[in-house]
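The values are calculated or read from the model by the stated rules, or taken from the named source; none is laboratory data. No experiment lies behind these values; they were computed from the predicted model shown. All Cβ positions, even for glycine, are placed from backbone atoms using ideal geometry, and neighbour counts span all protein chains on display.
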Amino acid sequence: MVYMLTNHRRSELNGYVRYTVRYVTGESLVPVTPVWLDVRNCAGPDPVFDVPGTGPPFSTFTKTADFTMPRSGRIVAGGGHMHGGTIRLELRNATCATTPFVSEPTWGGPQPKPLLHEPGPAKMSSFTSAEGIPVAAGQKLRLAAVYDNDVPHTRAMGIMILYPAPGEVSGCSPVPALTIDRGSPSLPPPFTMPLPRAPQGKVAKDTTSTWVGDYRYGTERVSLKRGATFTWRFVGGVRHDVTLVSGPVCTCHNN
């Protein structure tokens, strides 16, 4: 169970989550160990990547990562997590050349205000199976995050949590029927990021750098030639970075 609470205000807020846990008793159960699969291989505390958005309409961008199963077992449940622009998240068995499960997004959920980044899907589909997806020790699972690629998408993710129960499995066994909570899968809707306010001041044409403070910029409007290098110098107490909101693909560095 994962909850994410986001405060979009400058003032501190208190949040509370209440949940109920129900236990099954009187049955013989097999313990499972959750497995976290991530197309960034858990690169740092915030494993995100950018989708360049350089393709034609209806094109896709796919990022994959491979994982070798350390032990045999059957995956009895699982689900995906992705961000704005996602089309699907595929769980592939590269050893057996099969795709046991595809997690699909449902769009149209509530959006927090103010809008600070591209919103993700309201939910991703998940599955359960009493028999479980068989996976033998040493087999290679491949996670493939598929995103829309005709516009840029920043801070994309591709994560799947699986719940394998240990057991004897050998070779490439058939995948059983899965019970899938699909929601209402659809393609990602068009997205335009509104600015909190319009940039102010004259357009600087000969500027190659500016400073960035907490919630403010030294120069807000800059015109650059193709191939030019621009440097942001951070002077505030809050951690900052450089993120592409919309427009052509670029390589951004910060100092």
Qualifying positions in the stretch 76-97 - touching a strand residue (DSSP E or B) at 6+ places or on another chain (Cβ under 7 Å) and surrounded by fewer than 17 Cβ atoms within 10 Å (Cβ to Cβ): Ala94
Selection from the stretch 95-121 of residues that are under 20 Å from the mean Cα position of the chain (by Cα), of a type in the set (A, V, I, L, M, F, W, C), outside any strand (DSSP E or B) and at pLDDT 90 or above: Trp107
Failed item in (1) in the same structural domain as Val175 (by TED's automatic domain parsing); (2) assigned to a loop (DSSP other than H, G, I, E, B); (3) not small (Gly, Ala, Ser), with Val30 passing the rest: (1)
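Report yes if Pro188 is outside the structural domain of Thr98 (by TED's automatic domain parsing) and surrounded by 11 or more Cβ atoms within 10 Å (Cβ to Cβ), otherwise no. Outline the logic, then answer.
Numbers: outside the structural domain of Thr98 (by TED's automatic domain parsing): yes; surrounded by 11 or more Cβ atoms within 10 Å (Cβ to Cβ): yes.
For Pro188, the condition - outside the structural domain of Thr98 (by TED's automatic domain parsing) and surrounded by 11 or more Cβ atoms within 10 Å (Cβ to Cβ) - is met.
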Condition broken by Glu12, with the remaining ones in (1) closer than 27 Å to Pro176 by Cβ; (2) among the acidic types (Asp, Glu); (3) free of Cβ contacts under 8 Å to residues at least 24 places away in the same chain satisfied: (1)
